[in-house]
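Chemist: Following this message is one structure expressed as structure tokens.
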Amino acid sequence: MSLCPRCQRPLDDDEPYICCAGRELRWRCTSCHKVSEGFAFPYGMCPHCKGRLELLERAALADDAALAAVRKAFEIELGGHAFYARAALQSADATLRDLFGRFAAMEQEHMRTLARRYHAELPQPSADFELDRAAVFAGIERRPEDPANLFRIAIACEERAVAFFTRESEQAPPGSVERQLYLELAAEEREHVELLGTELRRWQAGQAGLL
């Protein structure tokens, strides 16, 4: 097994890769203007006020496009994990608590896979994540009194992720690391949309879930 020349972690010999070890970035929020440090944040939102983050100036890197792809993947996965974990805690429906808990575990496993493949430190889950952040990202009005609202937010978030990763894959150079990653992520999120749709229909019909 070969090792990464940058961080000495094992490489999957058959896959192109980008090393993200030790990548720490500084961001400034366009709303509250606070500066945050970290590789990625849930849905790319400011951890203080849900505003939009802008990357502070730094020297350009030759692998910026691939790094951006990995970072965006972590942003989506972090957001998904935080949303499902919070939904599992706050849902009054036992079936939904179990379902969203399972989705949170799936997102956590996806992040572990990304961290292993791209040699990134696994970002810490957001302990103070609010469901409103996912609603903002999804473009869906938050209605706490409606249990099905959590499903609609989840599906809209996954659909938005599919659209983003599909669009980025079409713009990335053929054969590049980022193109391969975007295609994989689009397929993964598309599967989530289908699974959530099935689970919603079964839940509405009073049937047991499949997950």
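Throughout, read-outs are computed from the coordinates displayed, never taken from laboratory work. Note that the structure is predicted; figures quoted are calculated from it, not measured. Backbone-built Cβ (ideal geometry, glycine too); neighbour counts: all protein chains shown.
Chemist: Name the residue farthest towards the positive end of the dipole of region 63-204 from the options Phe83, Phe103, Gln204, assuming +1 on Cβ of Lys and Arg, -1 on Cβ of Asp and Glu, about the Cα centre.
Modeler: The residue sitting most towards the positive pole is Gln204.
Chemist: Each residue of region 178-192 in order: what ³J(HN,Hα) in whole Hz does its phi give by Karplus 6.51 cos²θ - 1.76 cosθ + 1.60, θ = phi - 60°, with x for Gly and Pro?
Modeler: Residue by residue, region 178-192 yields 5, 5, 4, 5, 4, 5, 4, 5, 4, 5, 5, 5, 5, 5, 5 Hz.
Chemist: How fast does region 63-204 diffuse by Stokes-Einstein, in µm²/s, taking the Kirkwood radius from C-alpha pairs at 20 °C and 1.002 mPa s? Could you put the intermediate results ahead of the total?
Modeler: Values: Rh = 15.5 Å.
For the chosen part, D equals 138 µm²/s.
Chemist: Name the residues of region 191-206 whose amide N is less than 13 Å from a point 7 angstrom out from the Cα of Thr113 along the C-beta direction?
Modeler: Under cut-off, by backbone N: 191-192.
Chemist: Normalised by the residues of region 63-204, what does the relative contact order come to in percent, with Cα pairs under 8 Å and at least six apart?
Modeler: Numbers: 137 pairs, mean separation 31.9, N = 142.
Answer for region 63-204 is 22 percent.
Chemist: For Glu141 and Asp93, FRET efficiency with R0 = 22 Å and r from the beta-carbon atoms, rounded to 0.05?
Modeler: Working: r = 19 Å, r/R0 = 0.89.
Calculated value: 0.65.
Chemist: So what J values fall out for region 141-146 if you push phi through Karplus, 6.51 cos²θ - 1.76 cosθ + 1.60 with θ = phi - 60°, rounded to Hz, Gly and Pro as x?
Modeler: Values per residue, Gly and Pro as x: 5, 7, 10, x, 6, 10 Hz.
Chemist: Taking amide H positions as placed in the peptide plane 1.01 Å from N, state which residues far from His119 in sequence (5 or more) or on other chains have amide H under 5 Å from it.
Modeler: Excluding prolines and chain starts, which carry no amide H, the hits are Cys20.
Chemist: Ordered by residue, what ³J(HN,Hα) values in Hz, to whole numbers, does region 31-46 give under the Karplus form 6.51 cos²θ - 1.76 cosθ + 1.60, where θ = phi - 60° and Gly and Pro are x?
Modeler: 3J(HN,Hα) across region 31-46, in whole Hz: 9, 9, 6, 6, 9, 10, 10, x, 6, 7, 10, x, 6, x, 9, 4.
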